[in-house]
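The values are calculated or read from the model by the stated rules, or taken from the named source; none is laboratory data. These numbers were taken from a predicted model, which means no experiment stands behind them. Ideal geometry is used to build each Cβ from the backbone, glycine not excepted, and the neighbour counts take in all protein chains shown. Protein only, heavy atoms only, side chains kept; ligands, DNA and RNA dropped before computing areas. Shrake-Rupley method; radii C 1.70, N 1.55, O 1.52, S 1.80 Å.
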Amino acid sequence: NCTKFEDMELPHTLTNIGYNAFYRAGYSYSRGTHTFTMIDNEGVHTTIGERAFYQSHLSTIQAYTNNIGGYAFAECSSLTNVDIEIHGSIGSYAFNNCTYVENFKINANSVITSLGNNSFYNLAISTSAASRNIASFDFRNSIFVSIGSDIWGFNRYDGIIYFPSTLNSITGNFLNSATGNWKLYFNSIPTVSKWIPISIPIFAAC
């Protein structure tokens, strides 16, 4: 709750960021000011606890991570760029309401074991198709077996999702109220108990 927190550098050898570690860091400042970054290009994977950066002024994530806890980066109003490799689980609401994100990428080397509900809920920069960016979620090497509700709910991106061959069930409306054009790539067709709204332009390919 250091709401006037201004800056920091995280060492690339860091292996764990605990629960609530930077909770609301910099929150007193206006969006886009007094931001800080999490950049790790050295390949050391960091475990990130629940609410570790909740409502903080983190602006850029370029990192290797293990498990990401629930609400870890939720409501980061200054977060604009995410390029991340994940080895482990992503908790519910992990990136919930990061509404000013401009670029979002989960890279192909990620090995994700599970996706929590609402994990990427309301990632958006604009409702205008002319200014929309593409979000890329590459899960081809991941091993989760099911996805549930609202994972990409209310996203206003053009999105690309590569699902893993292990995916065997869709149990909720994972693109609830999302807009834009979405390309979904499946290795095999999972069991579907609740499908996406037909109003969203979809290209699904095997």
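Tabulated results
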quantity: Protection proxy ranking of 34-41, 148-155 - average other beta-carbon atoms within 10 Å, highest first; calculated: 148-155, 34-41
quantity: Accessible surface, per residue, of segment 60-118 when the full set of protein chains is kept, probe 1.4 Å, Å²; calculated: 30
quantity: In segment 1-92, the GluC sites (Glu not before Pro) that fall in loop regions by DSSP, at most 11 other Cβ within 10 Å; calculated: Glu9, Glu42
quantity: Virtual spin-label span in nm between Asn66 and Ser169, 7 Å along Cα→Cβ; calculated: 2.8
quantity: Note, ³J(HN,Hα) from phi for segment 32-47, Karplus 6.51, -1.76, 1.60, rounded to Hz, x at Gly and Pro; calculated: x, 10, 6, 8, 9, 10, 10, 10, 9, 9, 9, x, 7, 8, 10, 7
quantity: Diffusion constant of the chain at 10 °C, which comes from Stokes-Einstein with the Kirkwood Cα-pair radius and 1.306 mPa s, µm²/s; calculated: 94
